[in-house]
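Taking it in order: structure first as structure tokens, then the write-up.
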Amino acid sequence: MKHLNVERMRAIVDEHKPPCVSIYMPTYRGGSALEENRIRLKNLTGQALERLMQRGFRRPDAERLIEPIRDYLEHGIHRQPTGDALGLLTSPGQFEKFTLPFECEEIVSVCDRAHVAPLLSMTDGDDLFYVLALSQNSVRLYRRRDNAMEQIASKDIPSSLADVLRYDDRAEHLQLHTRAQPHAEGRAAMYHGQGEGKDEHHTDMARFCQAVDEAVTRTIGDRQAPLVIAAAEELAVLYKSVTAYPNTVAESIAGNPEHTPAQELSRKVAAIVDSRMQARRRELVQRFQQAGSKGLGSSRLQDILPVVENDRVETLLVGLGRRIWGRFDPETGETERADAQAPDSEDLINRAVVESLRHGAAVCALPPCDMPHNASLAAVFRF
């Protein structure tokens, strides 16, 4: 399964030049389902060929464009699917296959833009988390994605408090300097090895946390994904006071994780992931409502499309699974609903998504139940 970010989505939009053929379909596993998948894709490919010719393409040119899909139909579709749906995008010189971890209705799109709207749910930044299981006797770093936990092996990360203290020269004064924290109020505490109100154990633990943090920060690298700490409360607080990792999550998994299996840690992280996603969605909707009260937002398609074309959209909220087929005239700003089968029809929601990505706007997918006014689209305008 390909994991997408917004930058990759923008690249897909830019790389696929017209004409673009996009096919999405649900996939099923086991038994006769594999043959059903093949027949379904064959039929959808035939529809794409017919629509290309309806748009004026000569049959040889249309055949050449969908050749990568037919090649996949011949050699790839027979394999057991690993997801719940399949997405295929082809255009002159480009072909991409996506395995979607969610159900998707059948879509055949032939127009000037790759149909990328169904891929939006795969760009959620909260999908990737790191988890640091920290105790005096054990340090484990995990990468969590798609509900799967994978432990990261790194020789740089200390294995325990004893591992850190083994290289500690007790003849020298131990001093941990204060560092500014990007995610917390105030500054971290300052500890000194000669007592000064802090016992030696506390000083050792602070040194341990700093050594682990430096190694973890180097190992993660990009510093964009959230990091969740699993530790006893006192140790978690101490670690957060010295960490330089800018996206350390405020909420921790409480308790000593030394003997906690990865599956149990993943279950507890899932609750934190869900909480963050819900908070982010509420914030996006609140921003839209505030913008709307000032005349800088709308959930009406006929308002949004002209603004998107003129590069005035700051944030576009998209209801997952929503489609509105029709036509849009950028010169007049007029929107017309049309049947999906019409040769010159396109999904206008996808058009708004593609143009917003091209212009650098933030594009966020929400479950339909979380969309403002139960709308298919909602936009915050720059001006």
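The values are calculated or read from the model by the stated rules, or taken from the named source; none is laboratory data. Just so it is clear, the model here is predicted, and its values are computed rather than measured. Every residue, glycine among them, receives a Cβ derived from its backbone with ideal geometry; neighbour counts consider all protein chains shown.
I'm checking my understanding of the structure. Among residues of the stretch 92-106 that are in contact with a Leu (Cβ under 9 Å, 6 or more places away or on another chain) and assigned to a strand (DSSP E or B), which one is surrounded by the most Cβ atoms within 10 Å (Cβ to Cβ)?
Step one: filter the stretch 92-106 for residues in contact with a Leu (Cβ under 9 Å, 6 or more places away or on another chain), giving 92, 95-100, 102, 104, 106.
Now drop any that are not assigned to a strand (DSSP E or B), which leaves 95-100.
Details: Phe95: 17, Glu96: 17, Lys97: 14, Phe98: 20, Thr99: 15, Leu100: 22.
Restricting to residues being in contact with a Leu (Cβ under 9 Å, 6 or more places away or on another chain) and assigned to a strand (DSSP E or B), the top hit is Leu100.
Restricting attention to helices (runs of 4 or more DSSP H) lying wholly within the stretch 1-91, give those where 3 or more residues are over 16 Å from Leu119 (Cβ atoms).
Details: elements: 6-15, 33-54, 59-65, 67-75.
Those helices (runs of 4 or more DSSP H) span 33-54, 59-65, 67-75.
Filter the stretch 258-310 for residues that are of a type in the set (Val, Ile, Thr) and farther than 30 Å from Ala133 by Cα and give the result.
Result: Val285, Ile304, Val307, Val308.
Just name the residue that is farthest from Gly76 (Cα to Cα) out of those in the stretch 5-28 that are basic (Lys, Arg) and in contact with a helix residue (DSSP H, G or I) (Cβ under 9 Å, 6 or more places away or on another chain).
From the stretch 5-28, those basic (Lys, Arg) are 8, 10, 17; that's our starting set.
Cutting the leftovers down to in contact with a helix residue (DSSP H, G or I) (Cβ under 9 Å, 6 or more places away or on another chain) gives us 8, 10.
Details: Arg8: 24, Arg10: 27 Å.
Among residues in the stretch 5-28 that are basic (Lys, Arg) and in contact with a helix residue (DSSP H, G or I) (Cβ under 9 Å, 6 or more places away or on another chain), the one farthest from Gly76 (Cα to Cα) is Arg10.
What is the number of the single condition among (1) surrounded by 13 or more Cβ atoms within 10 Å (Cβ to Cβ); (2) at pLDDT 95 or above; (3) outside any strand (DSSP E or B) that Ser109 does not meet?
Failed condition: (3).
I need every pair where a residue in the stretch 306-333 that is over 17 Å from Met371 (Cβ atoms) has its Cβ under 7 Å from the Cβ of a residue that is of a type in the set (Lys, Arg) and in a helix (DSSP H, G or I), sequence separation at least 6 or different chains.
That search, which allows pairs on different chains as well, returns Phe328/Arg351.
Considering (1) more than 19 Å from Ala225 (Cβ to Cβ); (2) in contact with a Ser or Thr (Cβ under 7 Å, 6 or more places away or on another chain); (3) surrounded by 15 or more Cβ atoms within 10 Å (Cβ to Cβ), say which one Pro118 fails and leave the rest.
Condition not satisfied by Pro118: (2).
For the stretch 127-165, which positions are in contact with a Lys or Arg (Cβ under 9 Å, 6 or more places away or on another chain), under 25 Å from Leu4 (Cα atoms), of a type in the set (Asp, Glu) and exposed (fewer than 15 other Cβ atoms within 10 Å of the Cβ)?
Once the filter is applied, which keeps residues that are in contact with a Lys or Arg (Cβ under 9 Å, 6 or more places away or on another chain), under 25 Å from Leu4 (Cα atoms), of a type in the set (Asp, Glu) and exposed (fewer than 15 other Cβ atoms within 10 Å of the Cβ), the stretch 127-165 yields only Glu150.
Are any residues in the stretch 248-282 in a loop (DSSP other than H, G, I, E, B) and touching a strand residue (DSSP E or B) at 6+ places or on another chain (Cβ under 6 Å), and if so, which ones?
Val249, Ser252, Asn256, Pro257, Glu258 - these are the residues of the stretch 248-282 that are in a loop (DSSP other than H, G, I, E, B) and touching a strand residue (DSSP E or B) at 6+ places or on another chain (Cβ under 6 Å).
I'd like to know if the stretch 335-354 contains one or more residues that are more than 24 Å from the chain's Cα centre (by Cα), touching a residue at least 40 places away in the same chain (Cβ under 8 Å) and not in a loop (DSSP other than H, G, I, E, B).
yes
Going by the structure shown, is Thr315 part of a loop (DSSP other than H, G, I, E, B) and of a type outside the set (Lys, Arg)?
The answer is no for Thr315.
If the Cβ limit is 9 Å and pairs must be 6+ apart or interchain, which residue in the stretch 355-379 that is touching a residue at least 12 places away in the same chain (Cβ under 8 Å) pairs with which residue that is assigned to a helix (DSSP H, G or I) and of a type in the set (Phe, Trp, Tyr)?
Matching pairs, first to second residue: Pro372/Phe288; Ala378/Phe288; Ala379/Phe288.
Does the stretch 269-326 hold any residues that are of a type in the set (Phe, Trp, Tyr) and surrounded by fewer than 19 Cβ atoms within 10 Å (Cβ to Cβ), and which are they?
Hit for the stretch 269-326 is Trp325, nothing else.
Are any of the residues in the stretch 174-197 modelled with pLDDT under 95, closer than 18 Å to Ser154 by Cβ and loosely packed, with under 12 Cβ neighbours inside 10 Å?
Residues of the stretch 174-197 that are modelled with pLDDT under 95, as a first pass: 174-197.
Next, from what is left, pick out any that are closer than 18 Å to Ser154 by Cβ: none.
Checked the stretch 174-197: no residue is modelled with pLDDT under 95, closer than 18 Å to Ser154 by Cβ and loosely packed, with under 12 Cβ neighbours inside 10 Å.
Could you grab the pairs with beta carbons closer than 7 Å, sequence gap of 6+ or different chains, first residue in the stretch 217-245 and outside any helix (DSSP H, G or I), second one basic (Lys, Arg) and surrounded by fewer than 19 Cβ atoms within 10 Å (Cβ to Cβ)?
Note: pairs meeting the criteria are Ala244/Arg179; Tyr245/Arg223.
Among the residues that make up the stretch 35-49, is at least one of them among the polar types (S, T, N, Q) and more than 21 Å from Cys104 (Cα to Cα)?
Within the stretch 35-49, not a single residue is among the polar types (S, T, N, Q) and more than 21 Å from Cys104 (Cα to Cα).
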